[in-house]
């Protein structure tokens with residue numbers, strides 16, 4: 001069993017099933033599926049738990065009832081939420097629109113990405129990062145001195161990601177004519193391993 005730390009969002013997904021695909025100016029019917037635990041921390045973390053790993057989450061949620069609910073749901077699933085920080089303010093929900101073809105559109109309120117305070121420096125077998133913004137880079141670099149660091153390709157690709165493994169969505173591979181795993185990744189990203 002590996003010790004894995006996730007630096008990723010813990011979200012409240014409010015799922016709406018649409019009766020047809022989205023189109024500009026359309027009027028659609030929907031079925032409300034309620035709220036669910038989501039975000040990279042939950043979606044990745046639960047799978048890792050099921051695989052038998054010990055998983056801790058570093059994230060931020062509001063000190064409102066939604067934030068309390070997120071921490072409780074994550075803990076009940078077995079995620080260690082010791083480093084899920086609660087800030088003064090609302091957590092908010094993401095609206096997840098799932099159309100009749102299974103395509104999803106995610107609507108989220110604007111919020112400035114921020115790291116939780118007091119990130120743990122203790123070694124882990126793997127640190128997985130799925131976080132927007134430049135703030136994660138120094139923490140990743142420090143953790144890479146003693147732990148495997150895996151990073152999701154940051155939205156927009158404009159932030160440094162010191163890591164040993166960078167995960168890229170397939171469209172980015174094709175758009176940039178990348179044909180497969182290469183040592184060194186992209187030097188501008190700060191990744192020094194394989195992707």
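The values are calculated or read from the model by the stated rules, or taken from the named source; none is laboratory data. Here the structure is a predicted model, which is why all the values come from computation and not from measurement. Note that we place each Cβ from the backbone using ideal geometry, even for glycine, and neighbour counts take in every protein chain shown.
List every residue pair whose Cβ atoms sit under 8 Å apart, with the two residues 6 or more apart in sequence or on different chains, where the first one lies in the range 98-126 and is at positive phi and loosely packed, with under 15 Cβ neighbours inside 10 Å and the second, anywhere, is assigned to a loop (DSSP other than H, G, I, E, B) and modelled with pLDDT under 90.
none
How about the range 1-19: which of its residues are out of contact with any helix residue (DSSP H, G or I) (no Cβ under 9 Å at 6 or more places or on another chain) and either under 15 Å from residue 91 (Cβ atoms) or loosely packed, with under 13 Cβ neighbours inside 10 Å (or both)?
Pass one, the range 1-19, residues out of contact with any helix residue (DSSP H, G or I) (no Cβ under 9 Å at 6 or more places or on another chain): 1, 3, 14-19.
Within the range 1-19, 1, 14, 19 meet the criteria.
Based on what the data block shows, is residue 49 touching a strand residue (DSSP E or B) at 6+ places or on another chain (Cβ under 9 Å), surrounded by 14 or more Cβ atoms within 10 Å (Cβ to Cβ) and assigned to a loop (DSSP other than H, G, I, E, B)? Break it down into steps so the answer makes sense when it comes.
Numbers: touching a strand residue (DSSP E or B) at 6+ places or on another chain (Cβ under 9 Å): yes; surrounded by 14 or more Cβ atoms within 10 Å (Cβ to Cβ): yes; assigned to a loop (DSSP other than H, G, I, E, B): no.
No, not satisfied.
Regarding residue 107, is this residue at pLDDT below 95 and more than 18 Å from the chain's Cα centre (by Cα)?
Numbers: at pLDDT below 95: yes; more than 18 Å from the chain's Cα centre (by Cα): no.
In short, no.
Quick one: in the range 90-113, of everything that is in contact with a strand residue (DSSP E or B) (Cβ under 6 Å, 6 or more places away or on another chain) and part of a loop (DSSP other than H, G, I, E, B), which residue is farthest from residue 134 (Cα to Cα)? Working first, answer last.
Kept after step one, since they are in contact with a strand residue (DSSP E or B) (Cβ under 6 Å, 6 or more places away or on another chain), are these residues of the range 90-113: 90-91, 93-99, 104-108.
Keeping just the survivors that are part of a loop (DSSP other than H, G, I, E, B) gives 90-91, 93, 99, 108.
On the way: 90: 23, 91: 21, 93: 24, 99: 33, 108: 20 Å.
By that ranking, first place goes to 99.
Can you find a residue that is part of a loop (DSSP other than H, G, I, E, B) and at pLDDT below 95 anywhere in the range 76-89? Before the answer, list the steps.
Filtering the range 76-89 down to residues part of a loop (DSSP other than H, G, I, E, B) leaves 78-79, 88-89.
With the extra rule that they be at pLDDT below 95, the set shrinks to 88-89.
Yes: one or more hits.
Of these, 91, 66, 82, which one is loosely packed, with under 13 Cβ neighbours inside 10 Å and more than 15 Å from the chain's Cα centre (by Cα)?
Numbers: 91 fails: loosely packed, with under 13 Cβ neighbours inside 10 Å; 66 fails: loosely packed, with under 13 Cβ neighbours inside 10 Å.
So the residue among 91, 66, 82 that is loosely packed, with under 13 Cβ neighbours inside 10 Å and more than 15 Å from the chain's Cα centre (by Cα) is 82.
Given the options 64, 13, name the one that is free of Cβ contacts under 8 Å to residues at least 60 places away in the same chain and at negative phi. Before the answer, list the steps.
On the way: 13 fails: free of Cβ contacts under 8 Å to residues at least 60 places away in the same chain.
After applying the criteria, what remains is 64.
Somewhere in the range 151-160, is a residue at pLDDT below 75, surrounded by 13 or more Cβ atoms within 10 Å (Cβ to Cβ) and either under 30 Å from residue 28 (Cβ atoms) or within 18 Å of the chain's Cα centre (by Cα) (or both)?
Filtering the range 151-160 down to residues at pLDDT below 75 leaves 155-158.
Within this subset, residues satisfying the condition of being surrounded by 13 or more Cβ atoms within 10 Å (Cβ to Cβ) are 157.
Filter once more, keeping what is either under 30 Å from residue 28 (Cβ atoms) or within 18 Å of the chain's Cα centre (by Cα) (or both): 157.
Yes, the conditions are met somewhere in the range 151-160.
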